[in-house]
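All remarks here apply to the structure that follows.
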DNA sequence: TGCAAACTTGCAGTGACTGCAAAACAATCC
DNA sequence: GGATTGTTTTGCAGTCACTGCAAGTTTGCA
């Protein structure tokens with residue numbers, strides 16, 4: 001065992017996971033998502049095909065690099081928000097926090113992902129499809145804060161809005177540079193917050209990257 | 001050719017398509033989605049496996065029975081709405097029209113689908129993932145009505161909200177009987193229209209089927 | 001009746017993904 | 001250091017969704 005809490009084993013695991021994620025994104029960006037086989041990805045990461053599937057349930061998942069702890073972490077944050085904060089704002093903050101965190105670590109990886117998603121926007125949607133349980137978790141957290149039953153429509157809609165906001169923001173972000181992804185997601189969530197009934201005033205500010 | 005606009009060929013095509021759809025839903029409801037192979041579905045519909053894939057691009061698609069004309073039809077409706085109608089309302093109406101139409105035809109099929117989706121909520125999401133082009137079409141229609149550029153965030157969000165509304169409504173609908181799916185979708189879209197910032201007043205009316 | 005276009009089918013192939021059991025490896029105990 | 005135990009990696013064999021291609025079959029039309 002180690003002085004820090006991380007054993008050799010854990011370090012190796014984090015390393016292979018990251019290597020697989022990077023390999024997937026790099027190769028997909030280079031020659032197109034479906035011209036890359038899992039076999040090639042595994043080879044690039046110096047690992048067997050079978051091991052690939054020990055880390056990721058699917059090629060899609062590896063491309064997005066789905067973090068299994070993201071759901072619980074966000075739910076945590078939602079429940080931990082101050083008493084004065086509305087359920088929607090609590091959710092909003094947890095989404096934005098997660099995203100800026102994510103971008104702070106894998107920025108250059110996201111630039112490559114952008115290339116891939118420009119060609120195949122459906123991949124983003126597909127990636128979200130494997131998140132049913134995580135969404136359920138978040139919806140329950142929102143429900144709890146809102147004092148609603150878990151069967152209620154509202155909490156589901158809030159997290160549905162969140163994932164739609166994220167997806168739309170990414171596709172918009174992939175379109176041209178000069179806007180920060182975080183800002184776009186924030187803007188999208190604000191629109192969901194205040195309602196889509198009215199067309200928003202057209203603002204096309206030059207954003208920060 | 002025929003007296004009506006529909007040729008023998010067209011009738012046969014509609015028939016096989018419907019048969020495949022029905023077979024998929026029936027078998028999936030009966031023994032679970034992934035305990036049914038395409039081979040079995042094709043056999044049930046008295047058609048070769050290869051023909052199955054001439055009609056549907058994937059097993060998922062067959063389960064939902066994705067209608068390739070639904071997208072264009074909805075876009076049409078959006079653009080055809082009266083001048084006083086806001087873009088959001090135009091979209092909202094086109095969604096509701098499409099849904100009630102759909103339910104009026106395949107009601108009992110939807111009851112079976114409900115069984116399947118209760119076990120595997122992710123399938124609904126996955127079905128929507130293959131709709132990128134249709135969503136683009138709708139987004140463009142909304143953009144046009146709103147006088148916005150196609151690259152704008154707002155139109156995407158509107159259709160994103162629509163699909164989220166539908167998905168949430170279906171999962172909620174699958175939970176208990178007594179509420180009409182159309183009503184749930186309408187309610188969800190209203191919430192998106194007026195904004196999610198505030199928790200809605202708790203109404204749990206007993207609905208009509 | 002005969003031709004052309006559309007639809008169906010079989011076949012062979014690719015590639016994602018799974019379960020299983022053995023080998024390699026890391027942590028722990030003495 | 002060496003034996004023991006739990007975890008991770010790997011190979012292998014198999015299933016199944018899905019694709020392109022090149023016949024065969026059916027329908028529409030003159």
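The values are calculated or read from the model by the stated rules, or taken from the named source; none is laboratory data. Nothing here was measured: the structure is a model prediction, and the numbers come from that model. Every residue, glycine among them, receives a Cβ derived from its backbone with ideal geometry; neighbour counts consider all protein chains shown.
Quick look at the numbers
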{"read-out": "Residue in segment A:116-129 that is more than 21 Å from residue A:195 (Cα to Cα), surrounded by fewer than 18 Cβ atoms within 10 Å (Cβ to Cβ) and in contact (Cβ under 8 Å) with a residue 60 or more places away in the chain present", "value": "yes"}
{"read-out": "Residues that are assigned to a helix (DSSP H, G or I) and over 18 Å from residue B:196 (Cβ atoms), drawn from segment A:78-97", "value": "A:79, A:80, A:97"}
{"read-out": "Tally, over segment A:42-60, of residues that are touching a helix residue (DSSP H, G or I) at 6+ places or on another chain (Cβ under 7 Å) and more than 12 Å from DNA strand D (Cβ to nearest atom)", "value": "3"}
{"read-out": "Flag for residue A:60 being within 14 Å of chain B (Cβ to nearest Cβ) and either within 13 Å of DNA strand C (Cβ to nearest atom) or surrounded by fewer than 20 Cβ atoms within 10 Å (Cβ to Cβ) (or both)", "value": "yes"}
{"read-out": "Which numbered condition residue A:68 fails, given (1) part of a helix (DSSP H, G or I); (2) under 24 Å from residue A:123 (Cα atoms); (3) within 14 Å of DNA strand D (Cβ to nearest atom)", "value": "(1)"}
{"read-out": "Check on residue A:143, in contact (Cβ under 8 Å) with a residue 40 or more places away in the chain, more than 16 Å from DNA strand C (Cβ to nearest atom) and more than 12 Å from the chain's Cα centre (by Cα)", "value": "no"}
{"read-out": "Scope segment B:1-30; condition at pLDDT 95 or above and either within 7 Å of DNA strand D (Cβ to nearest atom) or part of a loop (DSSP other than H, G, I, E, B) (or both); matching residues", "value": "B:12"}
{"read-out": "Meets criteria (more than 30 Å from residue B:139 (Cβ to Cβ), out of contact with any strand residue (DSSP E or B) (no Cβ under 6 Å at 6 or more places or on another chain) and either touching a residue at least 24 places away in the same chain (Cβ under 8 Å) or assigned to a helix (DSSP H, G or I) (or both)) for residue B:73", "value": "no"}
{"read-out": "Test: residue in segment B:31-46 that is modelled with pLDDT of 95 or more, away from DNA strand C (no atom under 16 Å from the Cβ), on the phi < 0 side of the Ramachandran plot and assigned to a helix (DSSP H, G or I)", "value": "yes"}
{"read-out": "Spans of helices (runs of 4 or more DSSP H) in segment B:114-209 with at least 3 residues closer than 25 Å to residue B:84 by Cα and outside the structural domain of residue B:25 (by TED's automatic domain parsing)", "value": "B:132-146, B:153-175, B:181-194"}
{"read-out": "Pair list, Cβ < 8 Å and 6+ apart or interchain, from segment B:51-67 residues that are free of Cβ contacts under 8 Å to residues at least 40 places away in the same chain to residues that are within 12 Å of DNA strand C (Cβ to nearest atom) and not in a helix (DSSP H, G or I)", "value": "B:52/B:45"}
{"read-out": "Conditions (1) surrounded by fewer than 20 Cβ atoms within 10 Å (Cβ to Cβ); (2) facing chain A (nearest Cβ under 7 Å); (3) more than 18 Å from the chain's Cα centre (by Cα): number failed by residue B:196", "value": "(1)"}
{"read-out": "Any hit, segment A:80-96, residues being within 16 Å of DNA strand D (Cβ to nearest atom) and either crowded, with 17+ Cβ neighbours inside 10 Å or modelled with pLDDT of 95 or more (or both)", "value": "no"}
{"read-out": "Among the candidates B:138, B:157, residue that is away from chain A (no Cβ under 11 Å) and under 18 Å from the mean Cα position of the chain (by Cα)", "value": "B:138"}
{"read-out": "Conditions (1) touching a helix residue (DSSP H, G or I) at 6+ places or on another chain (Cβ under 9 Å); (2) more than 30 Å from residue B:194 (Cα to Cα); (3) more than 15 Å from DNA strand C (Cβ to nearest atom); number of the one not met by residue A:28", "value": "(3)"}
{"read-out": "Subset of segment B:1-22 that is closer than 17 Å to residue B:127 by Cα and more than 11 Å from DNA strand C (Cβ to nearest atom) - its residue that is farthest from the other protein chains (Cβ to nearest Cβ)", "value": "B:22"}
